[in-house]
1. In Å², what does the accessible area per residue of the stretch 1-113 work out to with a 1.4 Å probe?
2. For the stretch 228-305, which GluC sites (Glu not before Pro) are both in a DSSP coil and crowded by at most 16 other Cβ atoms within 10 Å?
3. Rg over Rh of the stretch 156-252, using C-alpha atoms and the Kirkwood radius, what does it come to?
4. Angle, helix 214-224 long axis vs. longest principal axis of the chain, Cα atoms, 0 to 90°, nearest 10?
5. What whole-number volume per residue, in cubic angstrom, does the convex hull of the C-alpha atoms of the chain give?
6. Would you check the accessible area of S12, probe 1.4 Å, heavy atoms only, in square angstrom rounded to 10?
7. Run the reach check for K279 against lysines, Cα to Cα strictly under 18 Å, same-chain hits fewer than 8 apart removed. What comes back?
8. Nearest 10 degrees, 0 to 90: what angle lies between the long axis of helix 25-38 and the longest principal axis of the chain (Cα atoms)?
Amino acid sequence: MSEPPVCDYEDSDYQTSFWDRGGREYEDRVEAIALRRLLSGPGQLMLEVGAGAGRNTARYRGYQRIVLVDYSITQLEQAQTRLGTSDMYVYVAADAYHLPFIEGLFDAATMIRVLHHMADAPRALAQVRDVLKPEGTFVLEFANKRNAKSVLRYWFGRQSWNPFTLEPVEFATLNFDFHPAAVRGWLRQMGFEIQKTLAVSHFRAGVLKRVVPVRLLVFLDSVLQWTGELWQLTPSVFARARLRASGLETPPMPAEPIGFFKCPLCGHRPLLEQPGCLKCSSCGREWPLRGGIFDFRMPPTTGFAPQD
Ligand SMILES: [Zn+2]
């Protein structure tokens, strides 16, 4: 199978330029509301795929431990600065196509603003499915190609691609928008049942954000989010899906993070703890552990700098 390229935020100032100083208070607040509505703990172990600098991590209340995965070491270092290095957080550098975890490990998983960068979205979703427990919760955010703006642009001849067709559209290198029905179809095929859909970020327009108080836009969006059950015309869609019961007994949760991992190269587990690394006794590969970050990135990779 050919390897899809990975979108790499290494050395990116994404957190500062996009979130802290990018005029995105509105987007951040409506996301927080959507997450609160979709994620209901309590649970033991939560996986955050594409955690970045940990902007959302502290919002996942009710989970005893959170495993943050990001491809970029520098983003994870920023998350460490924000969240600290207690036992509550486990920091893992890996790509979403090769998650280094044993099957059926997590009670819940989130993937927010990540699918957007996936050239092979079903493959990344299947990775999350594999590491979730039966009946585990998955909260997924994706960029919606059939949003009101793209529909209008298409109707007025300002956009060549059709927002109503099911295939993803790559509007910039490694930036994809998806049709909601396509995403729902993938999730169902993989054994998920979709429990709730929220349409988020109705007012993502610079002019509105300048003229109308953010507080009011956030309130209106929080009311309109519920329309996601009926239609989705917003640029961002959140879904909560539950993995179907398997009938199989799930193994007990490993007490220590080292028990969470498998070798992403050959699938072998358990890995052996050695000074400065975890070693796979099957393929011999050593996975570094530096500064509290487990590094499971697969070499060699093609990195692309993100556009946002
Ligand atoms: Zn191995």
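1. Details: 4300 Å² over 113 residues.
Heavy-atom accessible area per residue stands at 38 Å².
2. Taking the stretch 228-305 and a limit of 16 other Cβ atoms within 10 Å, the loop GluC sites (Glu not before Pro) found are E249.
3. For the stretch 156-252, the value is 1.08.
4. So the helix axis and the longest Cα principal axis differ by about 80 degrees.
5. In the chain, the Cα convex hull volume per residue is 138 Å³.
6. Near enough 30 Å² of accessible area.
7. By straight Cα distance, K279 reaches K262.
8. With rounding to tens, the tilt is 60 degrees.
The values are calculated or read from the model by the stated rules, or taken from the named source; none is laboratory data. Remember, predicted model here, so these are calculated numbers, not experimental data. Using ideal geometry, Cβ is built from the backbone for each residue, glycine included, and neighbour counts are taken over all protein chains shown. Just so you know, the surface numbers come from the protein's heavy atoms only, side chains and all, with ligands and any DNA or RNA stripped out. Shrake-Rupley method; radii C 1.70, N 1.55, O 1.52, S 1.80 Å.
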